[in-house]
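Input: a single structure, listed below in structure tokens.
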Amino acid sequence: MRHPLYAIYGIMVLAFASFAQYEGWSLTRVNEVKNIPKTVRDNPGAYRSHYGGYYRYMGGK
Amino acid sequence: MSQPAVNCPNCGAVVRFRWSGAVQTTCEYCRSILVRRDLNLEKVGEVGDLPREVSPIQIGTEGIFHNKAFQVVGRILYEYEDGGWNEWHIVFNDGVSGWLSDAQLEYTVSFLIKPPEVLPSADQIARARLFFWGGVRYEVTSVTRAHYRGVAGELPFEYWDKKDLVFADLRTADARFGTIDYSEAVPLLFLGEAVEFDDLHLKNLREFDVVGAAGQMAKTAVSGLNCPSCGAPLTLSAAGHSLSVVCGQCHSILDAKDPNLQVIEKFEAKQSIKPVIPLGSRGKVEGTEYDVIGFQVRSTDADDMPDSWDEYLLFNRYKGFRYLTLYNGHWNYVKTVPASPERIQVGKKPGAKLMGHTYVLFDTELATTTYVLGEFPWRVHVGEKNGTKDFIAVPRILSCEISEQETVWSLGEYMTGAQVWQAFQLPGQPPPAEGIFANQPAPFAGKASSMWRVCLNLLSAVILLAIIVYMVAGQESVFRHQYSFSPRSGAEASFVTDTFEVKGHPSNVEIAIHTDLRNNWAYFGMALINESTGQGYDFGREVSYYTGDDGEGSRNDSVIVPSVVPGRYYLRVEPEMDKNAQSMVYTLEIKRSVPSAAFFWIAAVLLLIPPALTTWRAAKFEGQRWSQSDFSHRDESDS
């Protein structure tokens with residue numbers, strides 16, 4: 001191998017991609033919320049989503 | 001080879017013939033020139049005094065050419081205004097006879113052949129004339145008017161009283177060689193090739209005042225003299241080869257061929273220049289020892305920017321002359337090439353082809369000799385101007401020097417200062433290299449292409465990995481249900497789904513939304529909630545779909561929630577639409593362990609960065625290199 005450092009770097013990149021797949025990493029923005037009360041099942045409307053509660057105009061025609 | 005013996009008709013000594021086909025020989029005792037007449041020998045003349053022997057070859061020397069053994073049996077010595085050369089008559093074991101030429105220790109082997117066409121007469125032959133024989137382009141590189149100086153040994157013809165003669169030397173782009181010999185009424189053609197000293201495997205060589213094999217000279221082969229102008233001591237290391245010697249004290253240029261060292265000219269030097277490699281130094285380059293015997297400074301004033309470089313002349317008494325050039329700390333080891341490179345076009349640039357290598361024109365200059373020191377095998381003259389053209393094929397540089405008398409091609413190979421310092425065992429540090437030189441090897445050039453090959457292999461591995469991941473990924477559907485939503489109903493929009501089991505190791509979960517939207521939008525505020533721990537992943541997705549000429553969007557969308565630990569989960573969903581919109585039917589589908597192409601793309605980009613960076617650095621280096629050439633952007637815009 002003429003470029004051992006690059007080859008090692010490449011193998012690390014491949015390992016990173018494999019690990020990311022195994023762990024199920026994602027680039028999607030998701031908020032992790034702790035301790036959501038169990039009452040949400042009985043009263044879903046009481047839960048305030050991080051993303052909810054504001055008007056969105058979607059560029060419709 | 002048979003060795004018949006007869007008696008010399010002049011002195012009676014035994015004359016032995018090494019070659020039965022010899023027509024003429026010389027008596028080693030009385031130096032009579034003897035010609036065969038039937039069974040007898042006739043004396044036709046006497047060998048005169050020959051100049052000092054400087055060729056390592058002698059009668060009796062044996063060698064190998066193209067795997068065939070030969071022996072030197074005779075010699076003709078020629079002289080011309082600027083020197084002389086030997087034509088050694090060689091006879092191979094199979095009786096074939098040829099000629100080994102030694103001109104200033106540059107060697108060629110050639111054979112008499114029948115000319116493929118009628119050869120031009122001596123007054124019609126001129127430099128640069130081309131011949132095409134057997135598909136090979138021969139160019140006349142020099143026409144020399146020489147005179148016979150002496151003969152020795154056995155020759156295939158009578159040759160002893162000829163006077164002025166014309167010889168035209170021909171070269172090819174692949175070091176083939178030819179001579180048109182005008183010593184007879186009908187011109188003779190000799191064709192052969194240039195050969196390196198080592199390739200001839202010569203033995204029984206002449207022993208000078210030193211003992212040792214080629215490249216291992218003892219330090220005694222010099223002539224000590226004094227300058228006739230100022231009396232300063234002079235050294236002639238290449239006596240017999242040198243034509244000029246320059247006194248370092250008074251700057252007199254002396255005729256090295258003259259026993260009295262006649263002063264040819266004196267030059268004015270603003271200051272004495274001390275070569276960084278002292279004259280007389282001995283070093284080993286490419287396995288051969290060379291003495292530094294001469295030094296000159298040459299300059300140009302291209303673009304009104306005075307510039308100069310140093311040239312060191314190296315000498316080995318078996319292998320001849322080589323050069324070391326120095327410019328801004330950049331060195332080149334140079335030797336003249338016994339060839340006439342073919343002029344070609346390389347893209348938009350002029351080029352030259354030599355020994356299978358293609359060279360690209362780099363620059364054209366007018367070089368002026370401004371300072372000289374030591375000895376030279378040509379008549380040096382301060383103020384002498386020569387046109388030069390440099391062609392490059394990194395790390396080599398092919399230079400063409402054009403004077404009124406001749407065109408000389410030489411081939412250089414880049415050396416670092418450290419290599420030169422090591423070769424000559426010089427103290428201290430070499431001058432630091434500044435800028436980028438024409439044929440300086442690019443530190444990244446070779447690396448870039450080989451790095452791209454490694455990159456290709458790694459990218460193939462990424463693709464293979466992606467295929468495997470997509471093949472083995474579970475993508476297990478853990479939940480699927482259809483819902484409807486009507487914004488006009490005014491009812492609470494949010495709801496929770498039934499719980500579902502997410503299994504396996506921590507991995508991702510994909511939530512896909514499939515709607516029947518048409519010219520409308522919807523927003524889904526969602527939370528994936530672990531029933532037992534209360535841990536949730538909160539996210540929102542927008543779905544919009546419009547038809548028409550400039551339609552856009554999609555009815556479907558998905559989101560991947562990363563690293564979800566196993567457990568029982570449910571979704572809290574809060575759809576939202578325009579208050580006046582029609583109702584929507586949508587399906588939510590949840591899958592476990594879904595492969596993501598994003599990380600393979602990221603890996604590919606990460607793998608591309610190092611070779612791309614290396615290529616960029618190599619391109620930048622080449623840009624800086626060519627900015628010094630005739631083809632820089634500045635010159636192109638000027639023209």
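The values are calculated or read from the model by the stated rules, or taken from the named source; none is laboratory data. This is a predicted model, so every value here is computed, not measured. Neighbour counts run over all protein chains shown; Cβ positions are idealised from the backbone, glycine included.
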*asked:* What's the total number of residues in region B:242-282 that are among the hydroxyl-bearing types (Ser, Thr, Tyr) and not in a loop (DSSP other than H, G, I, E, B)?
replied: 2
*Quick check: is even one residue across region B:297-318 among the polar types (S, T, N, Q), assigned to a loop (DSSP other than H, G, I, E, B) and either at pLDDT below 95 or buried (at least 20 other Cβ atoms within 10 Å of the Cβ) (or both)?*
no
*Which members of region B:439-453 meet the condition of being in contact (Cβ under 8 Å) with a residue 24 or more places away in the chain, at the interface with chain A (Cβ under 9 Å from one of its Cβ atoms) and not basic (Lys, Arg)?*
B:Met451
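Anything in region B:302-338 that is over 18 Å from B:Leu411 (Cα atoms) and either among the hydrophobic types (A, V, I, L, M, F, W, C) or free of Cβ contacts under 8 Å to residues at least 40 places away in the same chain (or both)? List them, or say none. Write out each step before concluding.
We begin by selecting, within region B:302-338, every residue over 18 Å from B:Leu411 (Cα atoms); these are B:302-308, B:317-318, B:328-329.
Of everything in region B:302-338, those that are over 18 Å from B:Leu411 (Cα atoms) and either among the hydrophobic types (A, V, I, L, M, F, W, C) or free of Cβ contacts under 8 Å to residues at least 40 places away in the same chain (or both) turn out to be B:Ala302, B:Asp303, B:Asp304, B:Met305, B:Pro306, B:Asp307.
Taking the criterion of being in a loop (DSSP other than H, G, I, E, B), among the charged types (D, E, K, R) and under 18 Å from B:Glu476 (Cα atoms), would at least one residue in region B:492-509 satisfy it?
Yes, some residue in region B:492-509 is in a loop (DSSP other than H, G, I, E, B), among the charged types (D, E, K, R) and under 18 Å from B:Glu476 (Cα atoms).
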*Go through region A:18-43 residue by residue and tally those that are part of a loop (DSSP other than H, G, I, E, B) and more than 15 Å from B:Val559 (Cβ to Cβ).*
6
*Residues of region B:568-586 satisfying the condition of being closer than 13 Å to B:Thr515 by Cβ and within 12 Å of another protein chain (Cβ to nearest Cβ)*: B:Val573, B:Pro575, B:Glu576, B:Met577, B:Ala581
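Yes/no matrix, rows are residues, columns are (1) in a loop (DSSP other than H, G, I, E, B); (2) outside the structural domain of B:Arg171 (by TED's automatic domain parsing); (3) surrounded by fewer than 16 Cβ atoms within 10 Å (Cβ to Cβ); (4) of a type outside the set (S, T, N, Q):
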{"residue": "B:Ala352", "(1), (2), (3), (4)": "no, yes, no, yes"}
{"residue": "B:Thr358", "(1), (2), (3), (4)": "no, yes, yes, no"}
{"residue": "B:Asp363", "(1), (2), (3), (4)": "no, yes, no, yes"}
{"residue": "B:Thr370", "(1), (2), (3), (4)": "no, yes, no, no"}
{"residue": "B:Gly374", "(1), (2), (3), (4)": "no, yes, no, yes"}
{"residue": "B:Val382", "(1), (2), (3), (4)": "yes, yes, no, yes"}
{"residue": "B:Phe391", "(1), (2), (3), (4)": "no, yes, no, yes"}
{"residue": "B:Leu398", "(1), (2), (3), (4)": "no, yes, no, yes"}
*For region B:485-526, which residues satisfy the criterion of being under 16 Å from B:Glu576 (Cβ atoms), away from chain A (no Cβ under 13 Å) and among the acidic types (Asp, Glu)?*
none
*Taking only region B:574-612 into account, find how many residues are in a loop (DSSP other than H, G, I, E, B) and in contact with a strand residue (DSSP E or B) (Cβ under 8 Å, 6 or more places away or on another chain).*
8
*Would you check which residues across region B:82-109 are part of a loop (DSSP other than H, G, I, E, B) and either touching a residue at least 60 places away in the same chain (Cβ under 8 Å) or hydrophobic (A, V, I, L, M, F, W, C) (or both) and list them?*
B:Asp82, B:Asn93, B:Gly95, B:Val96, B:Gln104, B:Leu105
_Any residue that is free of Cβ contacts under 8 Å to residues at least 24 places away in the same chain, of a type in the set (Val, Ile, Thr) and either within 11 Å of chain A (Cβ to nearest Cβ) or over 30 Å from B:Ile609 (Cβ atoms) (or both) - is there at least one of those in region B:466-477?_
yes
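Please find, among B:Arg555, B:Arg568, the residue that is closer than 20 Å to B:Val496 by Cα and in contact with an Asp or Glu (Cβ under 9 Å, 6 or more places away or on another chain).
Step by step, each of B:Arg555, B:Arg568 is checked, and only B:Arg568 is closer than 20 Å to B:Val496 by Cα and in contact with an Asp or Glu (Cβ under 9 Å, 6 or more places away or on another chain).
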*asked:* Take the conditions at pLDDT 95 or above and more than 30 Å from A:Arg41 (Cα to Cα) and apply them to B:Val605. Does it pass?
replied: yes
*asked:* What's the total number of residues in region B:9-53 that are part of a strand (DSSP E or B) and of a type outside the set (Gly, Ala, Ser)?
replied: 17
*Where residues in region B:530-567 are β-branched (Val, Ile, Thr) and more than 8 Å from chain A (Cβ to nearest Cβ), which of them is farthest from the chain's Cα centre (by Cα)?*
B:Thr533
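Looking at region B:256-269 only, could you name the residues that are in contact (Cβ under 8 Å) with a residue 24 or more places away in the chain and not small (Gly, Ala, Ser)?
Result: B:Asn260, B:Leu261, B:Gln262, B:Val263, B:Ile264, B:Glu265, B:Lys266, B:Phe267.
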*Do we find that B:Val462 is facing chain A (nearest Cβ under 9 Å), closer than 30 Å to A:Leu5 by Cα, assigned to a helix (DSSP H, G or I) and out of contact with any Gly (no Cβ under 8 Å at 6 or more places or on another chain) in this structure?*
yes
_Name the residue that is surrounded by the fewest Cβ atoms within 10 Å (Cβ to Cβ), counting only residues in region B:418-439 that are within 26 Å of B:Phe362 (Cα to Cα) and touching a strand residue (DSSP E or B) at 6+ places or on another chain (Cβ under 6 Å)._
B:Ala433
*asked:* Checking the structure you have, find out if any residue of region B:95-112 is under 26 Å from B:Ser242 (Cβ atoms), in the same structural domain as B:Ile57 (by TED's automatic domain parsing), among the small types (Gly, Ala, Ser) and modelled with pLDDT of 90 or more.
replied: yes
_Just checking: which of the strands (runs of 3 or more DSSP E) contained wholly in region B:127-178 hold 3 or more residues that are at negative phi and in contact (Cβ under 8 Å) with a residue 12 or more places away in the chain?_
B:136-153, B:164-171
*Across region A:17-56, which residue is modelled with the highest pLDDT among those that are more than 7 Å from every other protein chain (Cβ to nearest Cβ) and touching a helix residue (DSSP H, G or I) at 6+ places or on another chain (Cβ under 8 Å)?*
A:Thr39
